[in-house]
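Reading through the structure tokens given below for one structure.
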Amino acid sequence: MPDRFRAPVPADQASWDMATSEGLSRAAVSGEVLADLADDDPRIVVLTGDLKYSNRTVDFEKRHPGRFYNLGIAEQNMVSVAAGMATFGLRPYAATFASFLGLLCAEQIRTDLAYPGLPVRLLAHHAGISLGFYGTSHHATEELGLMRAMAGMTVICPCDAASTRAALRSTVDRDGPIYFRIGRGREPDVYDAAAETFEVGKLAELRRGADLAIVANGITVAPALEAAELLVADGIECSVLDAHTVRPFDADGLCEVARSCGHLLVVEEHNVYGGLASACADALVDGGVDGVRLGRLGLPADEYSLIGPPTHLYRHYELDAQGIAGRGKALLDPSSATSRA
Amino acid sequence: MSQAAPAPAVVAEVRRRAALVRRETVRLIGIAKSGHYTSVFSCAEIFAALYSGIMRIDDDPQSPERDRLIISKGHAAVGLYPLLAERGYFPTDWLDEYTRLGSPLGDHPDMRRVPGVDFSSGSIGHGLSIGVGMALAARSEGFAETRPWVLLGDQELNEGQVWEAATAAAHFQLGNLCAIVDRNQMGLDGMTEEVMAVEPIDAKFASFGWDVRHVDGHDPVALLEVLGSVERVQRGRPTCVIAATVKGKGIGYMELSRTWHLGYLAPADAEVALEELAADA
């Protein structure tokens, strides 16, 4: 075995191998939430591409069969069809794996949604490396870079069921297209299930500390909070920011935090190029903030992810609490490099 | 044909508009100094027929019940602009600034900037999908008389997304959708059957579950008859009209000439071209 493999990780309760799939799934939430919203909003229609059981849009279909469209395995067509629907005043929600939506359909999203400014919502689920051993074809570790570069696009990465629900509910009337980057549905809860506080384009400060700010979104928020707890033992006080909106990015909020603590560790389930870390770097440059140490923790710049159960991969790529805490400590050590990239 | 022959006055209008399209295309590309003359010339009569009573549109380019036209071969937009201006959708002096810095009118059409353009296009292969979405929405939202028309290029049929859309249109029984293939025989690199074969177009669409019709795409009477006979039904087979045309039709040396896919006529040459078009009209 190559020495870059870390020690095998025992299967645990959160691992793919474990039978936890009946737990509260964010994908299931999105099907139910959309069905609830559609009860009062006749504009809402849902499209998917032969994945209604995987993304639970079947829950929407059961309640609104006349407003559900299965386009089969033809994702590019699905995106353009949604665009055509939107010109008639509908609010289409199109759902499939993030790898196929954000990567395969990038040009349709740019040309048919973002350029004409049409209010189509993309539900890009199983994002990042959450499809584990299904491999690179099913991983989406580059699409934030694509979505973030599109004028007029809103990009939202909720971290759990409650925030997915709140994000969907709070954006129904938002202009233009929205890319929702959501996970596999096995994410630990971060927010109170009853919480409805979701403000598009604002960093959510989940914890405040003076030494280091960990900026996370999606699957990395929960381990970032755990890492902050671990670092207390080392005398390190961390802020944890949920950067759920990558575009429009809360540049002012980030610069304020960066100025106050001087050390940012960005943790994302994405290649370290193009995604959340790049959004932070852009904000610092635009804001003229000097002297900040920016650490990037994500998928290595020059690698495609190994295959394996997702939790094992998160451990391997240091996207778990221990990994994040270790990188946080290293970032505060003046002799260390700031990023693995 | 079960319907009466088109009225001579309407046929004359189609001829007049087709001549306007060709003439203005020569003038406008003269401003840009580069453009797709031949791709417009092949569909000049199709545009003219659609805007001479085939499409149901009114003075409001945003009327919800209106028919939509998606120019999936977006590079033919320069031929559409004069017809939209003629309908009063925007001032005719916009044409004089075609493609100049900040102009709403570019080589490919922009729905946000040009009143009367129903969808932005230019990336070949998307248009039929857009039409499918519009047809589904027209049906679900109760616009029983609204029809999306999609103008496809022939070489465009190489794009896989066209066939994804063709599959979906038949699956959803979009009897309110009509595709028109401008079968002008050429792509950019040469004859379609040499570049990448598209035939048999009729058998392909038929096997996908479409109702297929053929028409001489330069004959105003035939176009009015065939396009006018496409029924407006909510559920049924979508319709594909294959219009036999000649790329570059109207200027002898441009017809079926590979080198004129993109080109520019210097003023003296444009004058000669306009004379040829005038003699033809």
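How do the pairs read when you match residues in region A:189-215 that are at positive phi with residues anywhere that are surrounded by 15 or more Cβ atoms within 10 Å (Cβ to Cβ) and outside any loop (DSSP other than H, G, I, E, B), using Cβ under 7 Å and keeping only pairs 6 or more apart or on different chains?
Filtered contacts from region A:189-215: A:GLY201/A:THR245.
Which condition number does B:ARG235 fail, the rest of (1) of a type outside the set (Gly, Ala, Ser); (2) without any contact (Cβ under 8 Å) to a residue 60 or more places away in the chain; (3) part of a loop (DSSP other than H, G, I, E, B) being met?
With respect to (1) of a type outside the set (Gly, Ala, Ser); (2) without any contact (Cβ under 8 Å) to a residue 60 or more places away in the chain; (3) part of a loop (DSSP other than H, G, I, E, B), B:ARG235 is out only on (2).
Give the residue, chosen from B:ALA85, B:ALA137, that is free of Cβ contacts under 8 Å to residues at least 24 places away in the same chain and within 17 Å of the chain's Cα centre (by Cα). It would help to see each step written out before you state the result.
Details: B:ALA137 fails: within 17 Å of the chain's Cα centre (by Cα).
Residue meeting the stated conditions: B:ALA85.
Quick one: in region B:104-118, which of the residues that are farther than 16 Å from B:CYS43 by Cβ and more than 13 Å from chain A (Cβ to nearest Cβ) is farthest from the chain's Cα centre (by Cα)?
B:PRO104
Could you go through region A:13-27 and let me know if any residue there is out of contact with any helix residue (DSSP H, G or I) (no Cβ under 7 Å at 6 or more places or on another chain), closer than 18 Å to A:ALA98 by Cα and either at pLDDT 50 or above or not in a strand (DSSP E or B) (or both).
Step one: list which residues in region A:13-27 are out of contact with any helix residue (DSSP H, G or I) (no Cβ under 7 Å at 6 or more places or on another chain), which gives A:13, A:17-23, A:25, A:27.
Keeping just the survivors that are closer than 18 Å to A:ALA98 by Cα gives A:25, A:27.
When the remaining residues are screened for being either at pLDDT 50 or above or not in a strand (DSSP E or B) (or both), the result is A:25, A:27.
Checking region A:13-27: at least one residue is out of contact with any helix residue (DSSP H, G or I) (no Cβ under 7 Å at 6 or more places or on another chain), closer than 18 Å to A:ALA98 by Cα and either at pLDDT 50 or above or not in a strand (DSSP E or B) (or both).
Need pairs with beta-carbon distance below 6 Å; first residue within 12 Å of another protein chain (Cβ to nearest Cβ) and within region A:87-113, second outside any strand (DSSP E or B) and of a type in the set (D, E, K, R); sequence gap 6+ or separate chains.
If the second residue must be outside any strand (DSSP E or B) and of a type in the set (D, E, K, R), the pairs left are A:PHE88/B:GLU141; A:LEU90/A:ARG43; A:ARG91/A:ARG43; A:LEU104/A:GLU75; A:CYS105/A:GLU75.
Would you point out the residue of region A:225-248, among those that are surrounded by fewer than 21 Cβ atoms within 10 Å (Cβ to Cβ) and of a type outside the set (A, V, I, L, M), that is nearest to A:LEU319 (Cα to Cα)? Full working, then the answer.
Of all residues in region A:225-248, those surrounded by fewer than 21 Cβ atoms within 10 Å (Cβ to Cβ) come to A:226, A:229-230, A:232-237, A:247-248.
Still in the list and also of a type outside the set (A, V, I, L, M): A:226, A:229, A:234-235, A:237, A:247-248.
Numbers: A:GLU226: 11, A:GLU229: 15, A:ASP234: 19, A:GLY235: 21, A:GLU237: 19, A:ARG247: 22, A:PRO248: 25 Å.
Here the answer is A:GLU226.
So B:ALA166 passes all but one of these: (1) at pLDDT 95 or above; (2) outside any helix (DSSP H, G or I); (3) more than 8 Å from chain A (Cβ to nearest Cβ). Which condition number does it fail?
(2)
Kindly indicate which of A:THR141, A:THR136 is closer than 19 Å to A:SER54 by Cα and more than 11 Å from chain B (Cβ to nearest Cβ).
Working: A:THR141 fails: closer than 19 Å to A:SER54 by Cα.
A:THR136 is the lone residue from the list that is closer than 19 Å to A:SER54 by Cα and more than 11 Å from chain B (Cβ to nearest Cβ).
Filter region B:12-36 down to residues that are over 14 Å from B:GLY79 (Cβ atoms), polar (S, T, N, Q) and part of a helix (DSSP H, G or I), then give me how many there are.
Residues in region B:12-36 being over 14 Å from B:GLY79 (Cβ atoms), polar (S, T, N, Q) and part of a helix (DSSP H, G or I): 0 in total.
Go over the candidates B:ALA243, B:ALA273, B:ALA222 one by one and state the one that is out of contact with any helix residue (DSSP H, G or I) (no Cβ under 8 Å at 6 or more places or on another chain) and of a type in the set (Gly, Ala, Ser).
Numbers: B:ALA243 fails: out of contact with any helix residue (DSSP H, G or I) (no Cβ under 8 Å at 6 or more places or on another chain); B:ALA273 fails: out of contact with any helix residue (DSSP H, G or I) (no Cβ under 8 Å at 6 or more places or on another chain).
Every option except B:ALA222 fails the conditions.
If we only count strands (runs of 3 or more DSSP E) wholly inside region A:167-224, which ones have 3 or more residues that are surrounded by 23 or more Cβ atoms within 10 Å (Cβ to Cβ)? Explain how you work it out, then say what you get.
Details: elements: A:178-181, A:204-207, A:212-216.
Here the list reads A:178-181, A:212-216.
So which residues in region B:119-138 are touching a Leu at 6+ places or on another chain (Cβ under 7 Å) and more than 7 Å from chain A (Cβ to nearest Cβ)?
B:GLY127, B:LEU128, B:ALA135
Can you confirm whether B:ALA197 is under 27 Å from B:VAL162 (Cβ atoms) and not in a strand (DSSP E or B)?
Numbers: under 27 Å from B:VAL162 (Cβ atoms): yes; not in a strand (DSSP E or B): yes.
So B:ALA197 passes the test.
When A:ARG121 is evaluated against the numbered criteria (1) buried (at least 20 other Cβ atoms within 10 Å of the Cβ); (2) closer than 23 Å to B:GLU159 by Cα; (3) touching a residue at least 24 places away in the same chain (Cβ under 8 Å), which criterion, by number, is the only one it fails?
Failed condition: (2).
Please enumerate the residues belonging to region B:162-207 that are surrounded by fewer than 23 Cβ atoms within 10 Å (Cβ to Cβ), in contact with a Gly (Cβ under 9 Å, 6 or more places away or on another chain) and among the polar types (S, T, N, Q).
Of everything in region B:162-207, those that are surrounded by fewer than 23 Cβ atoms within 10 Å (Cβ to Cβ), in contact with a Gly (Cβ under 9 Å, 6 or more places away or on another chain) and among the polar types (S, T, N, Q) turn out to be B:THR167, B:GLN173.
Just give me the residues in region B:238-281 being part of a loop (DSSP other than H, G, I, E, B) and either over 20 Å from the mean Cα position of the chain (by Cα) or more than 24 Å from B:HIS214 (Cβ to Cβ) (or both), in sequence order.
Restricting attention to region B:238-281, the residues satisfying the condition of being part of a loop (DSSP other than H, G, I, E, B) are B:238, B:245-251, B:255-257, B:261-262, B:264-266, B:281.
The answer is B:ILE251, B:SER257, B:HIS261, B:LEU262, B:TYR264, B:LEU265, B:ALA266, B:ALA281.
If you check B:LEU188 against the conditions, is it more than 9 Å from chain A (Cβ to nearest Cβ), under 14 Å from B:SER72 (Cα atoms) and either out of contact with any Phe, Trp or Tyr (no Cβ under 7 Å at 6 or more places or on another chain) or at pLDDT below 95 (or both)?
On the way: more than 9 Å from chain A (Cβ to nearest Cβ): yes; under 14 Å from B:SER72 (Cα atoms): no; either out of contact with any Phe, Trp or Tyr (no Cβ under 7 Å at 6 or more places or on another chain) or at pLDDT below 95 (or both): yes.
So B:LEU188 fails the test.
What tally of residues in region A:147-166 results from selecting those that are in contact with a Lys or Arg (Cβ under 8 Å, 6 or more places away or on another chain), outside any strand (DSSP E or B) and not basic (Lys, Arg)?
Filtering region A:147-166 down to residues in contact with a Lys or Arg (Cβ under 8 Å, 6 or more places away or on another chain) leaves A:147-148, A:150, A:153-158, A:160-161, A:164.
With outside any strand (DSSP E or B) added as a condition, the list becomes A:147-148, A:150, A:153, A:157-158, A:160-161, A:164.
After this cut, where a residue has to be not basic (Lys, Arg) as well, the list is A:147, A:150, A:153, A:157-158, A:160-161, A:164.
Count: 8.
The values are calculated or read from the model by the stated rules, or taken from the named source; none is laboratory data. Quantities reported herein were computed from a predicted structural model and do not represent experimental measurements. Cβ coordinates were reconstructed from backbone atoms using ideal geometry, including for glycine residues, and neighbour counts include every protein chain displayed.
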